[in-house]
1. DSSP loop trypsin sites (Lys or Arg not before Pro) in the stretch 57-143 with at most 11 other Cβ atoms within 10 Å of their Cβ, which ones?
2. Express the accessible area of the chain per residue in Å², computed with a 1.4 Å probe while the remaining protein chains stay in the model.
3. For the stretch 218-312, give the magnitude of the charge dipole about the Cα centre (Cβ charges: +1 Lys/Arg, -1 Asp/Glu; no others), in debye to the nearest 20.
4. Where a ≥ b ≥ c are the square roots of the eigenvalues of the C-alpha gyration tensor, would you call the stretch 12-162 rounded, which needs a/c under 1.5, or, failing that, prolate if a/b is larger than b/c, or oblate?
5. Would you mind telling me the share, in percent, of accessible area of the stretch 282-414 contributed by carbon and sulfur at probe 1.4 angstrom?
6. To the nearest 20 Debye, how big is the dipole of the stretch 272-327 about its Cα centre, given +1 on the beta carbon of each Lys and Arg and -1 on that of each Asp and Glu?
7. Could you work out [θ]222 nm for the chain from helices alone, using -39500 (n - 2.57) per DSSP H run of at least four and dividing by all its residues? Round to the nearest 500 deg cm²/dmol.
8. Given charges of +1 on the Cβ of Lys and Arg and -1 on the Cβ of Asp and Glu, with all other atoms neutral, how large is the dipole of the chain about its Cα centre, in debye to the nearest 20?
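The values are calculated or read from the model by the stated rules, or taken from the named source; none is laboratory data. These numbers come from a predicted model, not from an experiment. Neighbour counts run over all protein chains shown; Cβ positions are idealised from the backbone, glycine included. Just so you know, the surface numbers come from the protein's heavy atoms only, side chains and all, with ligands and any DNA or RNA stripped out. Shrake-Rupley method; radii C 1.70, N 1.55, O 1.52, S 1.80 Å.
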Amino acid sequence: MNTSVAAGVVIVGAGQAGGDLCGALRAQGYTGAITLIGDEPYPPYRRPPLSKAFLSGEATLESLYLRSAETYARQQIDCRFGIGVERIERKSSSVRLYDGSVVPYQHLVLATGGRARRLSLPGANHPNVHYIRNIEDILKLKEQLLPGRRLLIVGGGYVGLEAACIGIKKGLDVTLIESLDRLLARVTAPELSAFYEKAHRARGVKIVTGAGLHELQGDALVDAVVLSDGRRLDADLIIVGIGMIPNTELADAAQLKVQNGIVVDAFTRTEDPAIYAIGDCCNHENVFLGRRVRLESVPNAAEQARVCAAVICGKPQPYGAVPWFWSDQYDLKLQMVGLSEGYDELVIRGDQDNESFSAFYLRKGILIAADAVNRPQEFIVAKRMVTDRAQATAAQLRDEATPLKTLAGLPKPV
Ligand SMILES: Cc1cc2nc3c(=O)[nH]c(=O)nc-3n(C[C@H](O)[C@H](O)[C@H](O)COP(=O)(O)OP(=O)(O)OC[C@H]3O[C@@H](n4cnc5c(N)ncnc54)[C@H](O)[C@@H]3O)c2cc1C
């Protein structure tokens with residue numbers, strides 16, 4: 001048994017949140033031992049390019065890494081990559097790794113992210129059925145993106161749509177199926193769904209909505225699928241983008257509260273004062289939203305890393321950041337801020353036909369969310385307005401002659 005490390009901060013999961021936490025701890029003055037343990041054989045890396053520039057071959061492997069090897073060494077981060085944590089021993093304040101070594105902790109941070117939700121149909125394990133969650137997935141998939149091949153994408157969320165875009169760029173014959181009646185149904189308004197459906201169709205993607213996957217056909221490889229409406233589609237390869245499942249098993253086994261993620265307060269703390277959870281794996285109390293939420297985004301992982309580091313350094317500040325996200329498809333840059341659920345009015349500013357516009361979501365006259373397509377400047381202002389819970393009328397927001405920033409200073413409601 002190896003118990004060689006002085007107890008300090010132990011981070012389980014070397015992804016976006018775990019990597020950012022190392023930097024945030026040192027930046028906020030933490031001088032104790034930091035051990036970063038990740039089961040992937042890579043240092044922490046950015047996942048967004050996995051369905052974008054890394055899949056298309058435009059980004060190198062090294063360009064994905066959050067920080068250089070020298071930075072971890074300089075900041076005295078004890079990195080253990082390629083080995084997972086098997087369990088948490090709360091009684092002895094330590095974690096046991098799969099190689100039998102034991103690492104004691106004073107503070108334990110779970111940054112275990114999530115894994116791709118898999119199809120549960122016979123044939124789902126055939127080698128031409130692909131997922132997009134980690135580097136290994138892309139190394140396998142990239143080779144298969146050859147011009148003329150028939151690519152079937154299951155799922156019309158961001159990952160599916162970004163993969164469709166790369167498929168088209170690479171000259172494949174792309175069909176995307178979505179079981180709900182519109183694309184991006186869980187995250188945006190019908191108007192945005194219609195815009196994205198039109199944009200993808202115009203660039204050559206065949207789209208089927210309102211039909212799920214019923215059957216995968218083929219022996220060693222899947223060569224066709226049958227949809228729930230009985231349609232049969234031939235395919236050379238399949239990409240499945242049907243969401244992720246948070247990795248909460250370690251927390252569960254350690255009898256920490258888990259409910260759609262590891263339950264933490266606004267300071268990233270679980271009910272065990274020595275254990276924290278950050279990033280995709282946690283369900284946190286969000287001061288801005290006034291409720292619990294589990295978010296899957298880089299800004300969320302980075303902000304939670306900052307909040308967690310502040311708590312560990314004895315300078316607690318609650319997590320109150322407004323959620324935001326982006327997605328790149330073809331030449332369309334989508335940036336979204338706030339959560340649009342519960343909106344009672346949608347206002348479009350700009351021209352959808354020119355593929356440059358913003359969508360504003362209002363509830364009782366207050367801006368609760370905005371989506372900007374190819375309007376990065378407007379997005380910056382919209383982000384501030386959503387953060388400030390700005391009031392605006394539909395007429396003001398729609399009127400392009402009124403610069404958005406002049407609306408940003410409107411008084412807040414009492
Ligand atoms: C294809 C794709 C595209 C995306 N695009 C965008 C985008 O455009 N914009 C955006 O904001 N967000 C995007 N995201 C989401 C974003 O990447 C995630 O929200 C972010 O990576 C979450 O960081 P995390 O550290 O919580 O989890 P992860 O990055 O998933 O890292 C968790 C790590 O913990 C490891 N781990 C799990 N269990 C253990 C264990 N027991 N022991 C050791 N290690 C363990 C995992 O293997 C993994 O390496 C995208 C995600 C994907 C998959």
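1. Working: sites: Arg67, Arg74, Arg80, Arg87, Arg90, Lys91, Arg96, Arg115, Arg117, Arg118, Arg133, Lys140, Lys142; in loops: Arg67, Arg90, Lys91, Arg117, Arg118, Arg133.
The qualifying sites are Lys91.
2. Details: 17920 Å² over 414 residues.
Ligands and nucleic acids excluded, the result is 43 Å² per residue.
3. Working: 8 positive and 14 negative charges, 93 e Å.
Roughly 440 debye for the stretch 218-312.
4. On the way: a/c = 2.71, a/b = 1.72, b/c = 1.57.
The shape class here is prolate.
5. Numbers: 3140 of 5960 Å².
Carbon and sulfur atoms account for 53 percent of the accessible area of the stretch 282-414.
6. On the way: 5 positive and 5 negative charges, 29 e Å.
So the dipole magnitude of the stretch 272-327 works out to roughly 140 debye.
7. Details: 11 runs with 96 residues, N = 414.
Using -39500 (n - 2.57) per qualifying helix, the result is -6500 deg cm²/dmol.
8. So the magnitude is around 760 debye.
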